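Worksheet: the structure to be examined is printed underneath.
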Amino acid sequence: MRVKSGSPALYQGSRTHSDTCNPSARVRSSWAAYARFSIPRTSRATHVGMRWSGCLAAMVAVLGLAVTAGFADRVIPPVQTLELAPGFGSVREVAFNPDGTQVAVATERRGSVQLLAVADGSLVHMLDERADGVFAVAVSGDGTLVASGSFRVVSLWDRLSGRALHTLTGHNDWVTAVAFSPDGATLATASYDMTVRLWDVTDGSTGHVLRGHTDWVHAVVFSPEGGTLASAGADGSVSLWDVTTGAKLGTLGAQGARIHGVAFSPDGSLIATASEDMHVRLWDVATGTLVHTLSGHRGAVYTVSFAPDGSALASGSRDRTVKLWAIPSGQELRTLQGHTDWVWSVAFAPDGRTVASGSADGTVRLWAQGHTKEISAISFTPCGSILASASWDHTVKLWDVATGEERRTLVGHANPVLSIAISPCGTTLASASADKTVRLWDAATGNVHRELTGHGATVSAVAFSPCGRLLASGAWDNTVYLWDVATGNVLHRLEGHAHWVWSVAFSPCGNLLASASRDRTVRLWSVASGDAVHTLAGHEDWVASVAFAPDGTMLASGSWDRTARLWDVATGATIHTLEAHRAGVLSVAFPYDGTLLATASDDRTIILWDITTWGLPHALTGHWGSVRHVAFSPNGGLLASGSWDVTVRLWNVSARTETDDGG
């Protein structure tokens, strides 16, 4: 870690001015280095430690950083880990009941079928417990029945009472998959004996026995209307069957890598397959043609499941991850990390807002769905009870900090939302987008007050003045606009940057505005006149972020040159150059008392600098994607960080008060 003091800077403009303010003496606060929340949690620090152990070791050895892992004890939105009693082994399959209040779980080692309450993970019913394993489980569409598959046996249960109804025999090897028809009248089962069987649910009698696979059959699924059955297995093909006659309708795909999972899209137009060759494939049912090959997993893919509205597909893999894909484009949306062993099964909850995953690590994880693409910006409300996040998925979400519940999603931008700001009174949220607009939203209702247009390119930055009457916006047209919030009129168009504007910030007194640009400079502007006051030059690459210290005497900037700088606002001199990150510094932030500086980086870390003592900085690890933005809560107790890993983490920066103060 290097802190250069008093480094010379190219300074253009007057050497002194009276535009700074000094509202109060700084109050010393201490700080911590552990994560309190993540939004939503997709990885634990152990994963990051494995991936980045070499990088972090180098940071410790070379830069002299105290590295603190990003363990979270809450998740926003809530993500549960349901841990089964010891001895049950792998969770082979998971299935929701129709109202999403329970999840059925099949376990392998001590074969069981367990019904767990989604709310708290408590055991509702133990339907089966046997010496051999249970490989498959399904819940009927009306929620009354549960089916399970084990060695040569299929069992039917009354879900509400837990009473056994039928034991179906006929397969002569392991039963690997079970599926109810949409009307609940028929059960399909697949087996290592290379057959698929259809059963009458009412009396347990055998219907058609479907033969044609040349190797183990791993998966079966009914089409949404119930007339067609798809089966797939180790012979690498998908067979389509007429449910009424038992006739084979066709085959998707040539003999290839073994297929472990198969799913119909809700409209029946697509079939997804999960393959041993690490790919997910999408097939057009009508034509039998391959539509997309989805690549990204680093191990065999065992399971696939469509969202109820058909907009997304989940897949689970030997690489211990769950991936979410956009449908029909096939674009990867998110990677959910946290399991410590193979992921055997995934299932969407009926409302589509939660994905359940079952793993060989013996747990079920319930992943609530937040943003579907990278998070670009975050902001606290003035009271600190709500956190807003902006995303490349074109939305802004509001979260209850205390409970982790999603309060509202603001939808309206046509392109990624790159910056957000909340007015000092907390009533208005401003969002800047690649659609070239700024929107002003009523934070309470989610309604749009006004759309501000005028920029000729992507709007990448917004900030409210301390009084809340003005809004600044910076854009890729190289300009900064000052707007009257009440009327939506442009008060000043600030020109001078030679490239895109990435960040804007008002001074605490509101008389100065700072802007950061890809032209490697920071500019200070007079808010009253719109005139340029100073140009701060010294960074060797794009300047991505600026923030004023609470007393207005210092300005922090972060750059893609891997440094953060502290500038004296009155003289324009560089006070310190902070060198510790191994990639670009994308965001800088001060708490209310000005004792710390947080810097976030493309190297996936956050560094906390004590700028009163210049003691050992702390590197906060836990994100596995570029950290794009950081923001302190109004009381300085929490630090929020938003990342391209589609998570937001909240770090407790007040818990070490006694330790740091010698208590």
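Brief remarks on what is shown
- Within region 435-480, if we keep just the residues that are over 29 Å from the mean Cα position of the chain (by Cα) and among the hydroxyl-bearing types (Ser, Thr, Tyr), the residue that is farthest from residue 409 (Cα to Cα) turns out to be 479.
Let's see how each residue does on (1) of a type outside the set (S, T, N, Q); (2) open to solvent by 40 Å² or more (accessible area, probe 1.4 Å); (3) more than 16 Å from residue 473 (Cα to Cα); (4) within 33 Å of the chain's Cα centre (by Cα):
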| site | (1), (2), (3), (4) |
| --- | --- |
| 514 | yes, no, no, yes |
| 517 | no, no, no, yes |
| 522 | yes, no, no, yes |
| 544 | yes, no, no, yes |
| 563 | no, no, yes, yes |
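Every residue, every condition in (1) farther than 20 Å from residue 92 by Cα; (2) open to solvent by 30 Å² or more (accessible area, probe 1.4 Å); (3) in contact with an Asp or Glu (Cβ under 6 Å, 6 or more places away or on another chain), yes or no:
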residue: 130; (1), (2), (3): no, yes, no
residue: 135; (1), (2), (3): no, no, no
residue: 138; (1), (2), (3): no, no, no
residue: 146; (1), (2), (3): no, no, no
residue: 154; (1), (2), (3): no, no, no
residue: 163; (1), (2), (3): yes, yes, no
residue: 170; (1), (2), (3): yes, yes, no
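- Residues in region 290-342 that are open to solvent by 70 Å² or more (accessible area, probe 1.4 Å) and among the polar types (S, T, N, Q) were compared, and the one that is nearest to the chain's Cα centre (by Cα) is 331.
- Given (1) in a loop (DSSP other than H, G, I, E, B); (2) open to solvent by 40 Å² or more (accessible area, probe 1.4 Å); (3) of a type outside the set (Ser, Thr, Tyr), number of the condition residue 236 does not satisfy: (2)
- Here residue 88 clears all of (1) under 16 Å from residue 365 (Cβ atoms); (2) within 29 Å of the chain's Cα centre (by Cα); (3) of a type outside the set (D, E, K, R) except the condition numbered (2).
- Checklist (1) among the hydrophobic types (A, V, I, L, M, F, W, C); (2) in contact (Cβ under 8 Å) with a residue 24 or more places away in the chain; (3) over 20 Å from residue 191 (Cβ atoms) applied to residue 249, failing item: (2)
- The set of residues in region 457-474 being part of a strand (DSSP E or B), open to solvent by less than 10 Å² (accessible area, probe 1.4 Å) and more than 10 Å from residue 419 (Cβ to Cβ) consists of 471, 472.
- The set of residues from region 570-616 being in contact (Cβ under 8 Å) with a residue 12 or more places away in the chain, open to solvent by 40 Å² or more (accessible area, probe 1.4 Å) and either closer than 17 Å to residue 549 by Cβ or small (Gly, Ala, Ser) (or both) comprises 571, 573, 575, 592, 612, 614.
- Residue ID - most open to solvent (accessible area, probe 1.4 Å), chosen from residues in region 386-396 that are assigned to a loop (DSSP other than H, G, I, E, B) and either among the hydrophobic types (A, V, I, L, M, F, W, C) or modelled with pLDDT of 95 or more (or both): 392
- Listing of strands (runs of 3 or more DSSP E) fully contained in region 244-283 that carry 2 or more residues being closer than 21 Å to residue 192 by Cα and more than 25 Å from the chain's Cα centre (by Cα): 248-252, 259-264
- Residue within region 612-628 that is under 30 Å from residue 496 (Cα atoms) and of a type in the set (D, E, K, R) present: yes
- Matching residues in region 403-449 - criterion: being assigned to a strand (DSSP E or B) and basic (Lys, Arg): 407, 408, 439
- Considering 374, 405, the condition of being open to solvent by 30 Å² or more (accessible area, probe 1.4 Å), touching a residue at least 24 places away in the same chain (Cβ under 8 Å) and touching an Asp or Glu at 6+ places or on another chain (Cβ under 9 Å) is satisfied by 374 alone.
- Restricted to region 187-211, and to residues there that are under 38 Å from the mean Cα position of the chain (by Cα) and more than 20 Å from residue 250 (Cβ to Cβ), the residue that is surrounded by the fewest Cβ atoms within 10 Å (Cβ to Cβ) is 192.
- Taking region 343-371 as the range and being over 17 Å from residue 83 (Cβ atoms), open to solvent by 20 Å² or more (accessible area, probe 1.4 Å) and in a strand (DSSP E or B) as the test, the residues that pass are 348, 354.
The values are calculated or read from the model by the stated rules, or taken from the named source; none is laboratory data. None of the values given here were measured: they were computed from a predicted structure. Positions of Cβ are generated from backbone atoms using ideal geometry, with glycine treated the same way; all protein chains shown enter the neighbour counts. Just the protein is used for accessible areas: all its heavy atoms, side chains included, with ligands, DNA and RNA removed. Shrake-Rupley method; radii C 1.70, N 1.55, O 1.52, S 1.80 Å.
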